[in-house]
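**Student:** Can you keep this structure in mind? I'll have questions shortly.
A short reminder: the numbers here are calculations on the coordinates, not readings from a lab. Just so it is clear, the structure is predicted and the values come from calculations on it, not from any experiment. We place every Cβ from the backbone using ideal geometry, glycine too, and count neighbours over all the protein chains shown.
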C-alpha cells in the first residue's frame, strides 16, 4: 500500500518558499501555491506536489514541482540517502536517456519539512496507483493486452538503460562528480552487472528499437 503522508499541508507552502529562496539565489517574489499530497501512490517517500512562481532577473517563472521527502514514520527502507539519490538522478539525466525529472536541489534542513528532501520538476504522466495495487485494479488493468505489453517493454528498456553507461560511473564523490580516490559511493556490483546484462540482452531482442520512452520515477508523476 502507499506510504501515508503525515506532512501538514497547511504548513508546507511557507516552508517551501524558504527552501526555494535559499537555493534559487536570483529568485525574487517567490510564491508557492496549489499544494497537494497524493494518497494513492508512492511507496518509499512522502510526496508533496506544488506549483511555484518567482521572478528571475525580471523574467516571470512558473513551475510545477515535486518535493520528495524522506519519511519520518514507518517506511519501506531502513535508511534513506536523498543526497545520494539526487546525485544519481542528476547523473542519469546527464549521461543517459533514462526519463528522470530535473533535480532543482537537495535540502538537508529537516526543520523545514521534518526530514531532508529533494525538489524536482514535475513530469506529466499517469501514475499507476499503489493503493489499491495497479496489478489488481485501475487504469493499468483496463489497458488492452497489447498496451500492457508495450508498457512492460518500455519498462524493461528503462531498467536496462542506466546499465549501458554504468561502467562510466565507477565512483561518485560527495559533490556529485566522478571521484578520483576513496571508497566508492556508487559502484556497479558483480550481481547487479549480471542482472543488468540480462536486462540489456532482453531489450536487444525486443522488436522495438531502444528509446527514451519508459518508466518514470513515481514521485515525479503522481
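**Student:** Using the 10 angstrom Cβ neighbour count as an exposure proxy, how do 34, 47, 72 rank, fewest first?
**Tutor:** Numbers: 34 10, 47 25, 72 13.
Ordered from fewest to most neighbouring Cβ atoms within 10 Å, 34, 47, 72 come out as 34, 72, 47.
**Student:** Moving on to the next point. What ranking do 20, 25 get, fewest neighbouring Cβ atoms within 10 angstrom at the top?
**Tutor:** Numbers: 20 23, 25 7.
Sorted ascending by nearby Cβ count, the order is 25, 20.
**Student:** Sticking with this one: Computed over the Cα atoms, what is the radius of gyration of segment 9-121 divided by 2.2 N^0.38 Å, N being its residue count?
**Tutor:** Details: Rg = 14.2 Å, N = 113, 2.2 N^0.38 = 13.3 Å.
The reported ratio for this selection is 1.07.
**Student:** Which ordering of 80, 106 is given by a fewest-first count of other beta-carbon atoms within 10 Å? Please list the in-between numbers first.
**Tutor:** Values: 80 17, 106 21.
In order of increasing Cβ crowding within 10 Å: 80, 106.
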